[in-house]
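One structure is given below, encoded as structure tokens.
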Amino acid sequence: MHPVIAKAPNGRPHPGFADSYAVTAEFYDVLQADRDEARVHHLYGRQVARARVGVLDIGAGTGRVTLMSLARSRVDVHAVEPARAMRTSLMTRLAALPARQRERVTVHSHALDEAPLSAVADVAVCHNTVACLPPAAREVLWPAIGKALVPGGSLFLQMPPALVPVRDVLRLLPEKRVGEHVYGGRLTMSAAGNRIRTRADYWVRGAQGVLREHTETFWMWPASRARIIDDLARHAFAPLPGQHDPGVLAVTLQPDR
């Protein structure tokens, strides 16, 4: 199980979702982005480099998959991120890119099923996103991905936790210094019926002690690998052979759907 902050759901968002992650957006890049950047290069870099039509980043967050896709491919990139706080960080990062790279990326501020994307990509990446989608929202997401991909396109999906934890899982985030201040945080995952409650606690310390403390809570819905495969199969996706990372599911959109 990989307890990280889940990014924006890409089924139909609940009311007020655009204002979600207002706390986490300030801390995510400082505390987690370096680790996540290395992870997305390892998990998806080779697949993205083979893209010939376009890359779709589902739940782009602050942009780790998006920037990797711009660097590793020569195709257009579509970044879907409904959460305003995360999207602000993404846009700031894109604004600093050279014009030739920036012109290849389009940021979509709506959920994927509300974005006018049809056959725009042959590679889709859904990183650190599906875990925060309830089952009904996943059923909205799968056909939207199928519409956005060309036949024969591939989807690389980071798996949600398979089960709720039997006891609380605590992860302390390595502290980072920014000037005179030290930023830190911890994530606590606990069972809540059929869901997982993830509480994120953040702090900023100065020479005189703690200056600020913030808390934000996220919900995740477990699903087994077999369940996700079965759900995707109903929307014409089939597993790709030769993919061995247990944390990622690789599927292809069947051409004869």
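Read the figures in this text as sums done on the coordinates, not as results from a lab. This is a predicted model, so every value here is computed, not measured. Heads up, the Cβs are rebuilt from the backbone with ideal geometry, glycines too, and the neighbour counts pull from every protein chain shown.
Using Cα-Cα distances under 8 Å and only pairs 6 or more residues apart, what relative contact order does the chain have, in percent? Provide the component values of the computation, followed by the final result.
Details: 553 pairs, mean separation 51.0, N = 257.
With pairs under 8 Å counted, the relative contact order is 20 percent.
Rounded, prolate or oblate, given the Cα gyration tensor of segment 38-132, with a/c below 1.5 counting as rounded? All intermediate terms of the calculation are to be shown ahead of the outcome.
Working: a/c = 1.22, a/b = 1.12, b/c = 1.09.
Rounded is the answer for segment 38-132, as its axis ratio a/c remains below 1.5.
Suppose we look only past 28 Å in the calculated P(r) of the chain. What percent of the Cα-Cα pairs does that tail hold?
Numbers: 10210 of 32896 pairs.
Cα-Cα pairs of the chain separated by over 28 Å account for 31 percent.
Rounded, prolate or oblate: which one fits segment 55-199, using the alpha carbon gyration tensor with axes a ≥ b ≥ c (rounded when a/c is under 1.5, else prolate when a/b beats b/c, else oblate)? Each step should come with its number before you reach the end.
Details: a/c = 2.33, a/b = 1.20, b/c = 1.94.
Note, shape of segment 55-199 comes out oblate.
Tally Lys/Arg at +1 and Asp/Glu at -1 over every other residue whose Cβ is under 10 Å from the Cβ of S73; what's the total?
Working: positive: R50, R52, R72, R74, R104; negative: D76.
Value of the local net charge: +4.
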- Per GNM of the chain with C-alpha springs under 10 angstrom, the most fluctuating residue out of L240, L211, L157 is L211
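Given only helices, namely DSSP H runs of n ≥ 4 each adding -39500 (n - 2.57), what is the per-residue ellipticity at 222 nm of the chain, to the nearest 500 deg cm²/dmol? It would help to have the intermediate numbers written out before the result.
Working: 7 runs with 73 residues, N = 257.
Using -39500 (n - 2.57) per qualifying helix, the result is -8500 deg cm²/dmol.
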- Label-to-label distance, nm, for residues given as R212 and A99 (7 Å Cα→Cβ offset): 3.6 nm
- How big, on average over all directions, is the shadow cast by the Cα convex hull of segment 154-257, in nm²? 9.5 nm²
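Within 15 Å, Cβ to Cβ, of G247, how many net charges do the neighbouring residues add up to if Lys/Arg are +1 and Asp/Glu are -1?
Details: positive: R35, R39, R225; negative: D36, D245.
Every neighbour counted, the sum reads +1.
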